[in-house]
Amino acid sequence: MNRILIIEDNPRITDFLKSGFQAHGFTTIAVDTGQAALQMVQGGQIDLVILDLGLPDQDGLTVLKVLRGQGQTFPIVVLTAREGVENTVAGLEGGADDYITKPFSFEELLARIRVQLRNHQLPRSQQETTLQVGSITLDLLTRQVWVGARLIELSAREFLLAEYFLRHPMQVLTREQILDRIWGYDYDPGTNIVNVYVGHLRKKLGENQIETVRGMGYRFRGLI
């Protein structure tokens with residue numbers, strides 16, 4: 001079970017993040033200062049850090065640089081109210097693996113965290129940055145999707161579903177498998193949420209890309 005360290009001084013955001021991550025099977029630890037974060041990292045195994053930049057005792061960029069200076073290699077995702085290209089560049093060049101601004105979508109944050117954790121578990125030579133099947137290309141870092149040369153927009157949940165299909169081309173995926181992988185919580189067996197999202201993807205990726213296998217589930221065909 002992955003352990004996420006949340007470095008955030010806003011208790012409402014902290015509680016929101018803890019509740020969301022725990023609902024998806026993560027263990028969470030939360031601190032509200034940079035000093036406490038540095039002590040926590042020294043004291044236990046951390047798999048990923050969520051870092052706010054506006055901390056009360058020191059700037060989050062300083063915490064970021066100290067962690068990287070100590071040789072800490074776990075993924076660090078900056079979650080901050082600081083917008084703009086200059087701030088994003090400063091965060092990424094300072095050692096962050098991803099940079100997300102507030103207000104934020106929890107679904108998108110969760111999707112990006114899953115990518116970081118998955119990539120971190122692989123040797124760098126095997127880390128994936130894109131998936132391509134047929135005419136569909138997904139960039140796992142920028143979260144961009146192309147159908148041929150056409151860039152399309154997907155919501156965070158749609159992107160996760162598209163990624164799941166592209167990782168299993170021509171394989172029948174049951175509704176139960178999709179619910180467990182994409183939604184990750186106890187579900188009502190009678191829900192039609194999978195049907196709804198598959199319908200969304202068909203409209204965006206192409207009606208014939210995802211085939212319904214009657215009585216079983218769905219198959220991504222990966223057509224050119």
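Tabulated data
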item	result
Selection count where residues are open to solvent by less than 30 Å² (accessible area, probe 1.4 Å) and modelled with pLDDT of 85 or more, scope the range 118-133	2
The range 92-116 residues that are over 18 Å from Gly20 (Cβ atoms) and of a type outside the set (A, V, I, L, M), paired with ones that are open to solvent by less than 20 Å² (accessible area, probe 1.4 Å) and in a loop (DSSP other than H, G, I, E, B) (beta carbon under 7 Å, 6 or more apart)	Asp97/Pro75
Flag for Gln144 being more than 15 Å from the chain's Cα centre (by Cα), modelled with pLDDT of 85 or more and among the polar types (S, T, N, Q)	no
Checking Ile136 against (1) buried (at least 19 other Cβ atoms within 10 Å of the Cβ); (2) within 26 Å of Arg219 (Cα to Cα); (3) within 14 Å of the chain's Cα centre (by Cα), the condition it does not meet	(3)
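The values are calculated or read from the model by the stated rules, or taken from the named source; none is laboratory data. In this text the structure is predicted, and so the values were computed from the model without any measurement. Because the Cβ atoms are built from the backbone with ideal geometry, glycine has one as well, and the counts that use them run over all protein chains shown. Please note that ligands, DNA and RNA were not included when accessible areas were found on the heavy atoms of the full protein model with its side chains. Shrake-Rupley method; radii C 1.70, N 1.55, O 1.52, S 1.80 Å.
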